[in-house]
Amino acid sequence: MAEVIDVLYISYNGIDEPLVHSQVLNYLRCLSQRGYRFTLLTFERPAAATTDSAATRAHLAALGIAWHGVAAHRGWGALSSLRDVLTGMAAARHLLHTQPMHLVHARSFIPALIAWRLARRTGLPFVNDLRGFWVDEKVYRGRLREGGLVYRLAKQLEGRVLRASGAIISLSDRGSRALRDFAIWHGRSLPPMATIPTCVDTDRFVPGVRAPAPQRVFGYVGSLSAEYLPEQIVGYFAKALARFPGSCLQLISRSNAAPILALAAQHGLPPDSIRLVALRPEQVPAEIVRFDVALSFIRPHFSKLASCPTKVGEYLAAGVPVVGNAGIGDMDGLLGDGRVGFLLRDFDAGSIEDSFRHLQSLWDDAGLGMRCRAVALAQFSLREGVDRYDNTYRMLLAQDQRP
């Protein structure tokens, strides 16, 4: 691709959020090497902002990425989302005025609304990069009443945006299949679709050399909010500690430690059996390799069919097996055969005990680490994800009929 292709990339996450570091910036860095020039527009939340904006802007500029942040509005209602759309529209129009673009990449629903409005005004094609089913996620988190007026209006708007998309990206094959069954199509042909899971920089996450130790480390990385089932995490570990004495639970999270410690006390766990630390993104790979097994628990819901737990690929790339629960994205297929972990179909005592027996057999297998690594390379490779985004961009550009 000889000509430089300018892309406006809109992310509803802020520049300091871990997902932007592990996902967005990795993709943009690699795609920039293929002839794309990115303008990155992010929505910043003051409570999460810790970065030196000038230093970040300079760092990204050195990678060929021009960064612009706008303030996200507080609140959970439709009004705050509308204000974000209006703010994003104004910022995007200004950016298009200063630097004409060839296409827009919208990461999640609010950016897709902005891209849709831009497309109606300018004809710019846009990639609708789904981060799950956004409207149903609001129901899942208790912020919308399913079947209510706002829900119905939001679903209608979601349908219009999906139909207008130049291409749609899903995090999971199950999400793609569910999307094809949406009533919004009414016999119409669907836009081109691709499945691109949350990918892993496999050069950063690599298996480490671990000395044999009697103490088993059960690990977890990420948020400990209610949807990630902290009660089940602590309850599972309490049973694991009884089964594997001396084990510890290592939690890498920015979440408040107090609720987890309270849960640990309720289960009668020794204070030194649980460690919770907040680490910078670059520190995480070295800690993951200390895990004997990683946990990935998420509360199931229809919206979660379109999810892909970000850390699962990182665990596997580091040679660490995973215990996860059923009904989340493509996890059933990934863990169901037991080669790189265990799929919990329920949190009852029998299922948990089955997982412990299976883990012991995995730990006794000298080929476990390399097998986990091979699955990560096959299914979560950053290079494969970049190839799929590149192909999607090229397809949209080839179809663009604007002069």
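The values are calculated or read from the model by the stated rules, or taken from the named source; none is laboratory data. Everything numeric here is computed off the predicted structure, so don't read it as measured data. Every residue, glycine among them, receives a Cβ derived from its backbone with ideal geometry; neighbour counts consider all protein chains shown.
Okay, here's what the table says:
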{"quantity": "Residue selected from region 256-269 under the condition in a loop (DSSP other than H, G, I, E, B) and in contact with a helix residue (DSSP H, G or I) (Cβ under 8 Å, 6 or more places away or on another chain), by the criterion surrounded by the fewest Cβ atoms within 10 Å (Cβ to Cβ)", "calculated": "GLY268"}
{"quantity": "Residue that is among the charged types (D, E, K, R), surrounded by fewer than 21 Cβ atoms within 10 Å (Cβ to Cβ) and under 30 Å from GLY327 (Cα atoms), where the choices are ARG120, ARG152", "calculated": "ARG152"}
{"quantity": "Single condition ASP84 does not satisfy, out of (1) under 18 Å from LEU144 (Cβ atoms); (2) surrounded by fewer than 18 Cβ atoms within 10 Å (Cβ to Cβ)", "calculated": "(2)"}
{"quantity": "Region 82-130 - residue that is basic (Lys, Arg) and over 17 Å from PRO191 (Cα atoms) and, of those, farthest from the chain's Cα centre (by Cα)", "calculated": "ARG121"}
{"quantity": "Tally, over region 203-225, of residues that are over 16 Å from the mean Cα position of the chain (by Cα) and either at pLDDT 80 or above or surrounded by 15 or more Cβ atoms within 10 Å (Cβ to Cβ) (or both)", "calculated": "11"}
{"quantity": "Sole residue being of a type outside the set (Ser, Thr, Tyr), more than 21 Å from SER307 (Cα to Cα) and loosely packed, with under 15 Cβ neighbours inside 10 Å, chosen from PRO100, PRO125", "calculated": "PRO100"}
{"quantity": "Number of the condition not met by VAL320 [criteria: (1) within 27 Å of VAL206 (Cβ to Cβ); (2) outside any loop (DSSP other than H, G, I, E, B); (3) more than 17 Å from the chain's Cα centre (by Cα)]", "calculated": "(2)"}
{"quantity": "Unique match (being touching a Leu at 6+ places or on another chain (Cβ under 8 Å) and among the aliphatic types (A, V, I, L, M)) among LEU63, LEU31", "calculated": "LEU63"}
{"quantity": "Qualifying residue in region 292-303 (condition: at pLDDT below 95, buried (at least 18 other Cβ atoms within 10 Å of the Cβ) and assigned to a strand (DSSP E or B))", "calculated": "no"}
{"quantity": "Odd one out for TRP76 among (1) part of a helix (DSSP H, G or I); (2) surrounded by fewer than 17 Cβ atoms within 10 Å (Cβ to Cβ); (3) at pLDDT below 90; (4) not β-branched (Val, Ile, Thr)", "calculated": "(1)"}
{"quantity": "Lone unmet requirement of (1) in a helix (DSSP H, G or I); (2) more than 16 Å from TYR389 (Cα to Cα) for CYS30", "calculated": "(2)"}
{"quantity": "Flag for TYR36 being touching a residue at least 40 places away in the same chain (Cβ under 8 Å), under 23 Å from SER255 (Cα atoms), out of contact with any Cys (no Cβ under 9 Å at 6 or more places or on another chain) and not small (Gly, Ala, Ser)", "calculated": "no"}
{"quantity": "Conditions (1) at pLDDT 95 or above; (2) assigned to a helix (DSSP H, G or I); (3) surrounded by 17 or more Cβ atoms within 10 Å (Cβ to Cβ); (4) in contact with a helix residue (DSSP H, G or I) (Cβ under 9 Å, 6 or more places away or on another chain); number of the one not met by GLN232", "calculated": "(4)"}
{"quantity": "Test: VAL375 is among the hydrophobic types (A, V, I, L, M, F, W, C), assigned to a helix (DSSP H, G or I) and in the same structural domain as ARG177 (by TED's automatic domain parsing)", "calculated": "no"}
{"quantity": "Condition met for SER351 (hydroxyl-bearing (Ser, Thr, Tyr) and modelled with pLDDT of 95 or more)", "calculated": "yes"}
{"quantity": "Count of residues meeting criterion [buried (at least 18 other Cβ atoms within 10 Å of the Cβ) and closer than 14 Å to GLY222 by Cβ] in region 270-286", "calculated": "2"}
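Residue-by-condition table, conditions (1) of a type in the set (S, T, N, Q); (2) assigned to a strand (DSSP E or B); (3) touching a His at 6+ places or on another chain (Cβ under 9 Å); (4) crowded, with 20+ Cβ neighbours inside 10 Å:
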residue	(1), (2), (3), (4)
ASN13	yes, no, no, yes
LEU19	no, no, no, no
SER22	yes, no, no, yes
ARG37	no, yes, no, no
ALA55	no, no, no, no
ALA58	no, no, no, no
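Residue by residue, here is whether (1) buried (at least 20 other Cβ atoms within 10 Å of the Cβ); (2) in a helix (DSSP H, G or I); (3) in contact (Cβ under 8 Å) with a residue 40 or more places away in the chain; (4) in contact with an Asp or Glu (Cβ under 8 Å, 6 or more places away or on another chain) holds:
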site	(1), (2), (3), (4)
GLY327	no, no, no, no
PHE342	yes, no, no, yes
HIS358	no, yes, no, no
SER361	no, yes, no, no
TYR389	yes, yes, yes, no
TYR393	yes, yes, yes, no
